[in-house]
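The values are calculated or read from the model by the stated rules, or taken from the named source; none is laboratory data. Given the structure is predicted, the values throughout are model-derived calculations rather than measurements. Counting neighbours? That spans all protein chains shown, and the Cβs are built from the backbone with ideal geometry, glycine included.
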Amino acid sequence: MTRLLALTLLLLSSTALAHPRIDEARQALFEEANFEAAAAALENALDVGNLSRGDYLEVLALRALLAHAMGDADGRDEYLRQLVSLEPEYELPPEAPPDVREQRAAAAQAFRGERVASDIALDRDGDRFSGRLELRDPANVVASTQLVCRAGEEIFRSQGSDVFGLTPHWQSVSCEARLLGAGGTLLFSSQARLDPLGERPAAPRAEGPNGRAIGLGIGITAAILGAVAVGLYFAFRPTEERIDPSNTFVSPEFFME
């Protein structure tokens with residue numbers, strides 16, 4: 001009973017989360033055989049641009065089935081190639097006829113080991129760094145690419161497939177490549193990192209007003225003031241007179257005590 005309830009909740013949640021335009025396309029294609037409405041719903045789903053990767057794969061599968069139903073073998077095969085280049089093991093809907101399943105299997109065999117992917121080549125020269133996104137897209141399913149790098153609090157975005165930036169050599173640089181489908185759906189991403197070149201240098205000691213120079217200035221000033229004080233002392237002190245017994249009216253007996 002518990003397992004049945006969990007399965008029911010799972011099915012309800014998946015239905016609630018299904019993309020409405022994709023639901024429209026499925027209904028138009030499989031229940032109404034309205035190919036024009038199905039094509040419009042799928043096109044609208046891409047234009048809206050809020051598809052998940054799973055939604056995008058389903059759009060490709062439905063487009064392949066729609067092309068097959070309309071007798072467009074080339075279109076069917078193109079969509080199947082795009083589908084398996086993203087997900088070689090993708091299962092077509094139960095409504096897919098056997099010959100379309102065979103074509104999917106053939107496309108998966110042909111693209112074995114050739115999936116959509118990207119590499120990031122990073123290089124560094126002192127405080128300068130550069131990155132290049134290297135794309136592998138055997139079925140031309142990727143509509144656009146992005147390369148975004150972060151160093152500290154700074155963000156660097158690619159111009160085309162390349163990114164350049166200036167950052168202290170002791171900071172690491174982290175980059176992410178993003179491969180986007182029609183409508184901006186994220187199809188694939190990869191990451192790479194540049195390690196720092198050495199450690200951050202110690203902060204230099206101040207040599208200006210707050211450093212060693214002010215200490216030297218204070219020492220010189222103190223020495224000058226000291227010399228002036230000594231000079232003033234000798235210049236203005238009272239003259240000390242020596243007492244001579246011959247020039248005094250004090251009796252000689254006073255000096256003999």
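Filtered by the rule that a residue be closer than 16 Å to Arg128 by Cα, of a type in the set (Gly, Ala, Ser) and either modelled with pLDDT under 90 or not in a strand (DSSP E or B) (or both), the stretch 150-182 gives Gly152, Ser158, Ser172.
Give the residues of the stretch 122-160 that are closer than 24 Å to Asp195 by Cβ and over 15 Å from the mean Cα position of the chain (by Cα), sorted by residue number. Give the derivation first.
From the stretch 122-160, those closer than 24 Å to Asp195 by Cβ are 122-134, 146-158; that's our starting set.
Those that are closer than 24 Å to Asp195 by Cβ and over 15 Å from the mean Cα position of the chain (by Cα): Asp123, Arg124, Asp125, Gly126, Asp127, Arg128, Glu134.
Among the residues making up the stretch 184-202, those that are more than 19 Å from Asp119 (Cα to Cα) and either assigned to a strand (DSSP E or B) or modelled with pLDDT under 90 (or both) are Leu197, Gly198, Glu199, Arg200, Pro201, Ala202. Of the residues making up the stretch 96-116, just one is without any contact (Cβ under 8 Å) to a residue 24 or more places away in the chain and in a loop (DSSP other than H, G, I, E, B), namely Gly113. As a summary of the residue check, Ala18 satisfies the conditions (1) under 32 Å from the mean Cα position of the chain (by Cα); (2) at pLDDT 95 or above; (3) not charged (D, E, K, R) except for the one numbered (2).
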